[in-house]
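Novice: Got a structure for you, questions after.
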Amino acid sequence: MEEPLVQISAEPAPAAPVEGRRFYIETFGCQMNVHDSEKVAGVLMARGYRPVAEPEDADLIFYNTCSIREKAAQKVFSRLGQFRKAGAGKSSNKIFAVLGCVAQQEGEEIFERAPHVSLVCGSASYPKLPELLEQLENGSRRVMGLSLRTEDCFETELTRRDNRFRAYLTIIEGCDKRCSFCVVPATRGPERSRPSGKILEECRRLVDEGFTEIQLLGQTVNSYRDPSPARLSFAELLVRVGEIRGLRRVRFTTSHPRDFTPDIVQALDACPTLCDHVHLPVQSGSNAVLRRMARGYTREEYLEKIDCIRAAKRAISISTDIIVGFCGETVDDFEQTLALLDRVGYDQVFSFKYSPRPKTAAGGWVDSVPEEEKGRRLVSLQERQRQIQILRNQACVGKEYEVLVEAYQPKLGQAVGRTTSNRIINFPGRPEWVGTYMNVRVTSAGPNSLVGERADNAEADAPPASRLRVAAQG
Ligand code: SAH
Ligand code: F3S
């Protein structure tokens, strides 16, 4: 057990009036976490709390945590420690809450490690958050929500979305796949899908509010099973969402290869608003490693899915996740992963060194590949992929793409646009273009992004073709 980060205060937390209380949330990890924080913020604001940008200004400080790899999990304790150093932990009335995967994984131990924490709550218990907050408001010093036995999704009308034009929307929570390396089934609980009618209703409302892109989320988004009598398949749901009038782009992540069926590709072909991009984590190119990972597919089966995507009527860009140095991975296994990169031709690869996790099957196995060797494999994989991306991106030069302008970099005078195939194009722009769609011609290419110029003939200061109605935010 590590030393406690701050002195234990025997005093109960003061029950200050809720009205006017300020909260700060810091989010670590995946899009699911980002979106969970948006929902938590909505619940808090409905109770009269106000968001602030700096933890120093907040009465309640929430950390929404990630434990997918050890480094990610350590971050929250270092944040809590920074507060102690700044003297804010023991003397002030600040209330600390740890949410998400580290909360679920460490549970009550968090109170031991960081006694100034008052709320520990895993994502499967978020539906109970209003009750837990009430206990905090009534002065309870230690409040926990850690049950994984749930059939509920965390649904709320109150979500406070941070982005004005792209809305995240959870369609399935949890995961039942139990890959041997992964903490998610232990931290997010069993798979549960939302009824398709509710999803479609929420999508329509988002479009009415001015959002033009919707990203459907789930740890295994394509394992979606409609619990309502409509019984829509995932592919049918995609098409129904894609057909909503006024919606321009629909993305979905993350797809699991085992449940990636040809009807998803047919949906992409049938419905132009579904984006030209599939994220399909492979994890390894070696059958021996895939078997130990319990991924539920072979290299050959995975490649069949890739060939099916490549046979679509339009070019679909493919990205993936890869773990190097998993238990027992030999040099030959690793070479097979490198060869898979060449065979598939990914547009983007997220690669990680294997990190043993508690409460996973592989957590109890020998972590046989030394850290330095994992590092070497990671560098070599990233270098191989860099070469592939340079070639793939160079093939875009001279072509025109529609982008959604997602940001503006004032120092460079550059707009940052994203193509439907998930490529980034930087081009000379204006701040007011953010949130609009425009055509851009690619003039040069690097491994990670493209450079371009606006291709529309429009005068530079004419209003952009499709300005967004900005969503009213709380
Ligand atoms: N639901 C997704 C993965 C979620 S985690 C799926 O079906 O693949 C995101 C990525 O983190 C994983 O795809 C994997 O590449 C990586 N990852 C998960 N556990 C890991 C571990 N213990 N060590 C290193 N990387 C890990
Ligand atoms: Fe994790 Fe495998 Fe599920 S990577 S999220 S257990 S599909």
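The values are calculated or read from the model by the stated rules, or taken from the named source; none is laboratory data. Only a predicted model underlies this, so the values are computations on that prediction, with no experimental measurement involved. We place every Cβ from the backbone using ideal geometry, glycine too, and count neighbours over all the protein chains shown. Surface areas here come from the heavy atoms of the whole protein model, side chains and all, with no ligands, DNA or RNA. Shrake-Rupley method; radii C 1.70, N 1.55, O 1.52, S 1.80 Å.
Novice: Can you grab the distance from the C-alpha centre of the range 327-382 to the C-alpha centre of the range 387-420, Å, no decimals?
Specialist: Their Cα centres are 30 Å away from one another.
Novice: Further, regarding this structure: With all protein chains present, how much of the accessible area of the range 166-391 (probe radius 1.4 Å) comes from carbon and sulfur, to the nearest whole percent?
Specialist: Details: 4620 of 8810 Å².
The nonpolar share, carbon plus sulfur, comes to 52 percent.
Novice: If R₀ is 45 angstrom, what is the calculated FRET efficiency for the pair residue 432 and residue 304, using the beta carbon separation as r and rounding to 0.05?
Specialist: On the way: r = 46 Å, r/R0 = 1.03.
So, using R0 = 45 Å, E works out to roughly 0.45.
Novice: Give me the distance in nm between label points sitting 7 Å out from Cα along the Cα-to-Cβ direction at residue 57 and residue 331, one decimal.
Specialist: The modelled label-to-label distance comes out at 5.7 nm.
Novice: Next question. Taking every DSSP beta bridge that has both residues in the chain, what percent is antiparallel when rounded to the nearest 5? Intermediate results must be reported in sequence, preceding the final value.
Specialist: On the way: 23 of 66 bridges.
The antiparallel proportion sits near 35 percent.
Novice: A follow-up question, please. Take residue 414 and residue 31, extend 7 Å from each Cα along the Cα→Cβ direction, and tell me the distance between the two endpoints in nm.
Specialist: 2.3
Novice: Another question about this same structure. Can you tell me how much longer the chain between residue 71 and residue 439 gets when fully stretched, taken as 0.36 nm per residue apart minus their C-alpha distance, in nm with one decimal? Mind dumping the intermediate values first?
Specialist: Details: separation 368, 0.36 × 368 = 132.48 nm, distance 4.01 nm.
Fully extending the segment from residue 71 to residue 439 adds 128.5 nm.
Novice: If N is the number of residues in the range 191-300, what value comes out of its Cα radius of gyration divided by 2.2 N^0.38 Å? Could you put the intermediate results ahead of the total?
Specialist: Values: Rg = 15.2 Å, N = 110, 2.2 N^0.38 = 13.1 Å.
Rg over 2.2 N^0.38 Å, computed on Cα atoms: 1.16.
Novice: Let me ask something additional. Per-residue ellipticity at 222 nm for the chain, helices alone: DSSP H runs ≥ 4 residues times -39500 (n - 2.57), over residue total, nearest 500 deg cm²/dmol? Could the numbers behind the result be given before it?
Specialist: Values: 14 runs with 150 residues, N = 474.
Roughly -9500 deg cm²/dmol at 222 nm, from the helical runs in the chain.
Novice: If all Cα-Cα distances of the range 65-218 are sorted into 10 Å bins from 0 onward, what percent lands in each bin, rounded to whole numbers?
Specialist: 10, 32, 33, 20, 4
Novice: Can you list the lysines whose alpha carbon sits under 16 Å from that of residue 374, skipping same-chain ones fewer than 8 residues off?
Specialist: Output for residue 374: 71, 353.
Novice: Related question: Can you list the lysines whose alpha carbon sits under 23 Å from that of residue 39, skipping same-chain ones fewer than 8 residues off?
Specialist: Result set, ordered by chain and number: 75, 94, 128, 198.
Novice: So if the hydrodynamic radius of the chain is defined as the Kirkwood radius over C-alpha pairs, what does Stokes-Einstein give as its diffusion coefficient at 37 °C and 0.692 mPa s, in µm² per second? All intermediate terms of the calculation are to be shown ahead of the outcome.
Specialist: Values: Rh = 23.9 Å.
Reported coefficient: 137 µm²/s.
Novice: Could you provide, to the nearest whole Å², the per residue accessible area of the chain with probe 1.4 Å? Working shown, then result.
Specialist: Details: 20840 Å² over 474 residues.
For the chain, the per-residue accessible area is 44 Å².
Novice: Return the Cα extents of the range 120-167 along principal axes one, two and three, sorted largest first, each rounded to a whole Å.
Specialist: 39, 25, 15
Novice: Another question, then. Cβ neighbours within 10 Å, averaged per peptide: list 262-272, 314-324, 147-157 in order, most packed at the top. The partial results should precede the final answer.
Specialist: Working: 262-272: 17.4, 314-324: 19.8, 147-157: 14.7.
Listed from highest to lowest mean packing, they are 314-324, 262-272, 147-157.
Novice: Apply 1/(1 + (r/R0)^6) to the Cβ-Cβ distance of residue 390 and residue 209, taking R0 = 41 Å, and write down the FRET efficiency to the nearest 0.05.
Specialist: Numbers: r = 40 Å, r/R0 = 0.97.
FRET efficiency, residue 390 to residue 209: 0.55.
Novice: By DSSP, what percent of the beta bridges with both residues in the range 270-428 are antiparallel, rounded to the nearest 5?
Specialist: Values: 11 of 21 bridges.
Around 50 percent antiparallel, to the nearest 5.
Novice: Now for a different question. Per the Kirkwood treatment, what hydrodynamic radius in Å, one decimal, follows for the range 166-391 from the mean inverse distance over all distinct Cα pairs? Could you put the intermediate results ahead of the total?
Specialist: Working: mean 1/r = 0.0540 Å⁻¹.
Hydrodynamic radius (Kirkwood, Cα only) of the range 166-391 equals 18.5 Å.
Novice: Turning to a different aspect of this structure: Any idea how far the Cα center of the range 244-280 sits from the one of the range 150-191, in Å?
Specialist: Answer, in whole Å: 19.
Novice: What is the distance, in nm, between label points placed 7 Å from the Cα along the Cα-to-Cβ direction at residue 406 and at residue 258?
Specialist: Modelled inter-label distance: 3.0 nm.
Novice: Something else about it: Can you send over the solvent-accessible area of residue 208, 1.4 Å probe, protein chains only, in Å² to the nearest 10?
Specialist: 110
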